[in-house]
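The values are calculated or read from the model by the stated rules, or taken from the named source; none is laboratory data. Keep in mind that this is a model prediction, so the values were computed, not measured. Methodologically, a virtual Cβ is constructed for each residue, glycine included, from the backbone with ideal geometry; neighbour enumeration extends over all protein chains shown. Areas reflect the complete protein model, heavy atoms only, side chains present, ligands, DNA and RNA absent. Shrake-Rupley method; radii C 1.70, N 1.55, O 1.52, S 1.80 Å.
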Amino acid sequence: METKLIKINLTNKNKVLSIASDLIKKGEVVAFPTETVYGLGANALDENAVKKIFIAKGRPNDNPLIVHISDIKQLNELVEFVPKEAEILIKKYWPGPLTIVMKKSKRVPSCITGGLNTVAIRMPNNTIALGLIKKAGVPIAAPSANSSTKPSPTLANHVLNDLNGKIPLIIDGGKCKVGLESTVLGLSNGKAVLYRPGKITKEELEKIIGEVELPSGQIKVPSSPGMKYKHYSPKAEVILIEAKIDANESKDNFLGNVKKIGLNEDSNLIGVISFTKKIGFKNEFFFNNDVNLYAKNLFFALREFDKRGVEKIIVEGILDEGFGLAVMNRLRKAASKII
Ligand code: AMP
Ligand code: MG
């Protein structure tokens, strides 16, 4: 199959969204930008269309998808009921990077939910995504538009690299603003569980709805299936150096640890992601103590190093607080070694 990549702009927006929504209505898949990462979407109410997402990505069938809506009216037909806490959070954060897991209604095909009796729903804060859902007239199931196990795509070209020949259309809407996938919050069984940290932080959520639990890493059957899979892996080996509680200590530690590994700053085969201080490697991304910048460019950096043929990526970890928890969650999954 030929994969078309169309750059969307103010002049061609309506036409592009018509082409894309026609594909969705016909049961095809389309890659589109959201504020978090690029998604690979299909009509959420069409089981055959949804199956094409799993095939294109090589995604395991038991890893459920997020259903994207453009209008709050679509929510009621997808869930059995909307918990009070969800109502409050929806008012504050939708459209935005918060996905809420609720009890599913019978209308939601079980291939979307990996057989679970819950469904994850979000209203994205991106005019292209919202326009596409609206024009298609159906909720759109969409995981990130990467090949399974690869870093999520934050540029249309990332999608093309992974899925060229496997999907008919990629809408190019430029670089994603947030750069990490949405926060996934479970509200289906009377308590709040943070299945995946993201831009909307645990601390922020707790101020509004009280205690938010972290899922236990020890559980045998993950309550959020995405938690058990290998993820975000570039071709290069990722070595993560964890931050210490004291920020200054972490600064010295990173440079010290990189030196201890005995790496050469001029090598084309080494990539470095630094946060507190630029350490002067030839292949280096420096995020200048800015967690938003780190989040926005992390997947880009991992993919860029692959493009440059880097074999080892050394990454400076940050503290598990605020949005930092989301950055560290992705890094720990991408890493083959943690120091
Ligand atoms: P992705 O679509 O790649 O952003 O991944 C969707 C994420 O949402 C994965 O981590 C899933 O495990 C999680 N998710 C989707 N549906 C559910 C659900 N019903 N219960 C718990 N987690 C879910
Ligand atoms: Mg994903």
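In the set (1) more than 16 Å from ligand 2 (Cβ to nearest atom); (2) under 23 Å from Asn63 (Cβ atoms), Gly174 fails one condition alone, (2). When Glu35 is tested against (1) more than 16 Å from ligand 2 (Cβ to nearest atom); (2) more than 19 Å from Ser110 (Cβ to Cβ); (3) among the charged types (D, E, K, R), just one condition goes unmet, and that condition is (1). Among the numbered conditions (1) in contact (Cβ under 8 Å) with a residue 24 or more places away in the chain; (2) out of contact with any Asp or Glu (no Cβ under 9 Å at 6 or more places or on another chain); (3) over 17 Å from Asn146 (Cβ atoms), tell me where Lys15 comes up short. It fails just one condition, (1). If I ask for residues that are assigned to a loop (DSSP other than H, G, I, E, B) and surrounded by 15 or more Cβ atoms within 10 Å (Cβ to Cβ), which ones from the range 251-268 would you list? Of everything in the range 251-268, just one residue is assigned to a loop (DSSP other than H, G, I, E, B) and surrounded by 15 or more Cβ atoms within 10 Å (Cβ to Cβ), namely Leu263.
Taken together, the residues in the range 275-313 that are out of contact with any strand residue (DSSP E or B) (no Cβ under 8 Å at 6 or more places or on another chain) and among the hydrophobic types (A, V, I, L, M, F, W, C) amount to 5.
Is it true that Ala156 is within 16 Å of the chain's Cα centre (by Cα), open to solvent by less than 20 Å² (accessible area, probe 1.4 Å), touching a residue at least 24 places away in the same chain (Cβ under 8 Å) and farther than 23 Å from Tyr195 by Cβ? Here the answer is yes, as Ala156 does meet what is asked.
Only one of the numbered conditions (1) out of contact with any Pro (no Cβ under 9 Å at 6 or more places or on another chain); (2) assigned to a strand (DSSP E or B); (3) of a type in the set (A, V, I, L, M) is not met by Ile90, and that is (2). For the range 217-239, taking the residues that are open to solvent by 60 Å² or more (accessible area, probe 1.4 Å) and more than 16 Å from ligand 2 (Cβ to nearest atom), the one that is modelled with the highest pLDDT is identified as Glu237. Within this structure, Val272 fails the test of being out of contact with any strand residue (DSSP E or B) (no Cβ under 9 Å at 6 or more places or on another chain), hydrophobic (A, V, I, L, M, F, W, C) and not in a loop (DSSP other than H, G, I, E, B). With the structure loaded, tell me whether Lys150 is within 16 Å of ligand 1 (Cβ to nearest atom) and open to solvent by 20 Å² or more (accessible area, probe 1.4 Å) or whether it fails that test. So Lys150 passes the test.
Tyr195 passes every criterion in (1) within 13 Å of ligand 2 (Cβ to nearest atom); (2) crowded, with 22+ Cβ neighbours inside 10 Å apart from (2).
When restricted to residues that are part of a strand (DSSP E or B) and more than 14 Å from Ser267 (Cα to Cα), the range 303-331 contains 2. Filtering the range 293-332 to residues that are touching a Phe, Trp or Tyr at 6+ places or on another chain (Cβ under 7 Å) and surrounded by fewer than 18 Cβ atoms within 10 Å (Cβ to Cβ) leaves only Leu293. Residue-level check: of (1) modelled with pLDDT under 95; (2) more than 16 Å from ligand 2 (Cβ to nearest atom), Glu80 misses just (1). Here's a check for you: in the range 99-120, which residue that is away from ligand 2 (no atom under 16 Å from the Cβ) and not in a loop (DSSP other than H, G, I, E, B) is nearest to the chain's Cα centre (by Cα)? Among them, the one singled out is Ile100.
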